[in-house]
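What follows is calculated from the coordinates using simple rules that are stated; it is not laboratory data. These figures come from a predicted structure and were not determined experimentally. Reconstructed Cβ throughout: ideal geometry from the backbone, glycine too, with neighbour counts over all protein chains shown.
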Amino acid sequence: MFSTGKYYLIITLLTILQISCNGQTQNKKQKSIPATEQYENKLTQLSPINNHDINQISKFIDTALLSRYYAQIVFFNSDDSLHPGRQTDIIFSGSSSIRKWKTLAKDMNGLKVLNRGFGGSTVPEAIYYADVLFFKHHPKKIVFYSGDNDIAFQRWDINQVFESYKYFCKVIHSHLPQTKIYIISLKPSPARKKYWGKMKVLNDSLQIYIKSQKLCEYIDAASCFIDDTGGIKKEFFAPDGVHLNKEGYEIWTEIIYDKISH
């Protein structure tokens, strides 16, 4: 039989061995996740325009959705840190119709533009991330496209989306009072044809409202995709039936550049 002394010696040795193994395992974990920790640290550094504004934003969106595009916002933050001296006069932002505009810089023909479209985002999400998207750049102009995801994907009420647009303009001008905001009309698209009636009503409401606001301008970039019979010109859309194709962006370029280049 083991003596008491030998018993405690074996227990001590086993304990030391276990601690050593745990330490090695922990070191391996620490070596394998620095990128994850760095990513999470960046997320914690991101914040909405003001903490108290989350109450206002919650009137328009389920706040649980606000984290779904964190990765893209973190990328924008990182990209900005890599270009500290970059001069940006015009920010393009909004949903994937802006994000997918890969030729934007070339199409704007020398204008100092920056693409900050993200995900399949909505108006409230652009408000929530306004600091990263807009404020830090102090742009002279903002070109904004959103709203069709709000209606077609989130199934939000037209008035709810309209009010979120009004709040968007208010927030931007409360931080950037000299910045001009260009609102691009919601576009018709083949895959979302059944929502076009609601989108058109929202466009009409936005056009009326924006006319009453200083440093705001409405850009009709929707009627160009409607034919004489009221149908949607499918030839300007990508195979998914939602986003524009090369020819569609060429039309947008002609309309939008003419408005913002003066």
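Expressed in Å, the radius of gyration and Dmax of the Cα atoms of the stretch 42-260 are 16.5, 52.
Working note: Karplus 6.51/-1.76/1.60 with θ = phi - 60° gives the stretch 141-154 the couplings 9, 10, 10, 10, 10, 6, x, 6, 5, 4, 8, 7, 9, 7 Hz, where Gly and Pro are set to x.
Can you flag which of Lys140/Lys233; Lys102/Lys180; Lys112/Lys194 are past 30 Å Cα-Cα? Among Lys140/Lys233; Lys102/Lys180; Lys112/Lys194, the Cα-Cα distance tops 30 Å for Lys140/Lys233; Lys112/Lys194. Footprinting exposure proxy ranking of Arg116, Arg192, fewest other C-beta atoms within 10 angstrom first, gives Arg192, Arg116. For the stretch 194-262, a/c is not less than 1.5, where a ≥ b ≥ c are the root eigenvalues of the C-alpha gyration tensor, and a/b does not top b/c. That puts it in the oblate class. Backbone amide hydrogens, once placed in the peptide plane, bring Cys216 within less than 5 Å of Ile181, excluding anything fewer than 5 places away on its chain.
Counting only residues at least eight positions apart within a chain, or on another chain, the aspartates and glutamates with an alpha carbon under 19 Å from that of Lys100 are Asp79, Glu125, Asp148, Asp150, Glu235, Asp240, Glu247, Glu250, Glu254. For the listed peptides 181-188, 226-233, 199-206, a ranking on the average number of other beta carbons within 10 Å per residue, highest first, reads 181-188, 199-206, 226-233.
Each Lys or Arg adds one and each Asp or Glu subtracts one; over the other residues with Cβ under 14 Å from the Cβ of Asn50, this totals -1. The local environment of Phe118, defined by Cβ-Cβ distances under 9 Å, has a net charge of +1 under the rule Lys, Arg +1 and Asp, Glu -1. Counting charges near His173 (Lys, Arg +1; Asp, Glu -1) among other residues having Cβ under 12 Å from its Cβ returns a value of +4. When Rg and the Kirkwood radius Rh are both evaluated on Cα atoms of the stretch 152-229, their ratio Rg/Rh stands at 1.00. Here Lys59 is the anchor, and the lysines within straight C-alpha reach of less than 22 Å, apart from those fewer than 8 places off in the same chain, are Lys166, Lys170, Lys198. Net charge dipole, the stretch 42-260: roughly 200 debye, given to the nearest 20, about the Cα centre with Cβ charges of +1 for Lys and Arg and -1 for Asp and Glu. For the stretch 131-253, the residue among Thr229, Phe153, Phe134 whose Cα projects farthest onto the positive side of the dipole built from Cβ charges is Phe134.
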